[in-house]
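Below is one structure, written out as structure tokens; the observations come after it.
The values are calculated or read from the model by the stated rules, or taken from the named source; none is laboratory data. No experiment lies behind these values; they were computed from the predicted model shown. All Cβ positions, even for glycine, are placed from backbone atoms using ideal geometry, and neighbour counts span all protein chains on display.
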Amino acid sequence: MTHRQRCLGIGLLFALGALPACSRSPEAAPAPSAVAESTAVAGSPIAAASAAPAEAQAPGATKRKIIRQAELTLEVGAPGSAQTAIERLAEAHGGYVVSAARDTDSGSQIDERVTVAVRVPQTELTSTIAEVKRLGRGTGSERITSDDVTDEYVDLAARITSQRSLEQQYLEILKRAATVKDAMDVQKELANVRTEIERMQGRQQLLEKESAFSTLTVHLTTAVPRVAVTTTTFGGSVQHAWSDARSLSIDLITGAIRLIGVLLPVFFLLLLPSVLSLWAFVRLIRWLGARKARRLLAA
């Protein structure tokens, strides 16, 4: 069934509900004030339209909903101990730990990097950041972001009010349904309205939760010791030069020994057999030449 057909069916239900009222006697007709009161109770479109703007036009009555997130990097002596301290600080300020990750160097078993994320009440975010900074030395990486979702929250409240008014209208229509088919159609539309209300309420609750608590992510790294700057004297320069020359001589001698160790097997396995074979071939040629010359002289 299309949307147009459903609207026509609902309109027919309104007409069916109005016919019995028209067939009553004039004495039984309700007073205009009573009609207006029942219309307001039933949640008419006029009442819903007037109620929704009234809700939307009063944003000042709603506390501002701002989602804040902070992130900073610290250099500390022991990232593991600093992580424990941050978790205790979050709990002391009424917050809790969201996640924690630690990367450890398997060679030295020293903590290298630790990332801990906590959530604290929005009013405690600034003081919590100040106390966390005292645990180590900042590296210049600090970021705080804010997202104002007040307009979305107010819009959701107005839409929920409108959908609840529509729900009341469908309930009134359902009471006057003449056939089972009409009742099923109204119940289907009623289910869609209630699903939309639950969806918007879930989003509204999420905005309330996100704006009530702020997320603080801290990256902890092992503090690198600062290298002291020393002055170099002439004697120290000569000593370093002699040390470099000696190291170079040792490297040259070592390289020569290694080269000889590589060339000797090549000489004995390839060059020496080749030289001996060439010498034997030359001797054979000379012997054959001398033999041929002796035969020619004898002839």
**Positions within the range 133-173 being closer than 20 Å to I86 by Cβ and buried (at least 17 other Cβ atoms within 10 Å of the Cβ), in sequence order** = L135, G136
**Request:** Report whether or not F267 is among the aromatic types (F, W, Y) and modelled with pLDDT under 85.
**Result:** yes
**Request:** Please work out if L264 is part of a helix (DSSP H, G or I) and more than 30 Å from E167 (Cα to Cα).
**Result:** yes
**Prompt:** Just to be sure, is A130 of a type in the set (G, A, S) and either surrounded by 14 or more Cβ atoms within 10 Å (Cβ to Cβ) or in contact with a His (Cβ under 7 Å, 6 or more places away or on another chain) (or both)?
**Reply:** no
**Fill in**
Checked the range 97-116 for anything in contact with an Asp or Glu (Cβ under 9 Å, 6 or more places away or on another chain), modelled with pLDDT of 85 or more and either loosely packed, with under 13 Cβ neighbours inside 10 Å or over 14 Å from G80 (Cα atoms) (or both); matches are V97
**Request:** Select, from E142, E167, the only residue that is under 22 Å from L220 (Cα atoms) and either of a type outside the set (F, W, Y) or touching a His at 6+ places or on another chain (Cβ under 9 Å) (or both).
**Result:** E142
**Item:** In the range 140-180, the residues that are β-branched (V, I, T) and part of a strand (DSSP E or B)
**Value:** I144, T145
**Request:** Scan the range 180-195 and report the pairs whose first residue is within 12 Å of L166 (Cα to Cα) and whose second residue is surrounded by 13 or more Cβ atoms within 10 Å (Cβ to Cβ) and of a type in the set (D, E), with Cβ atoms within less than 6 Å and a gap of 6+ or a chain change.
**Result:** V193/E167
**Asked** Taking the stated definitions as given, is V116 under 15 Å from T217 (Cβ atoms) and assigned to a strand (DSSP E or B)?
**Response** yes
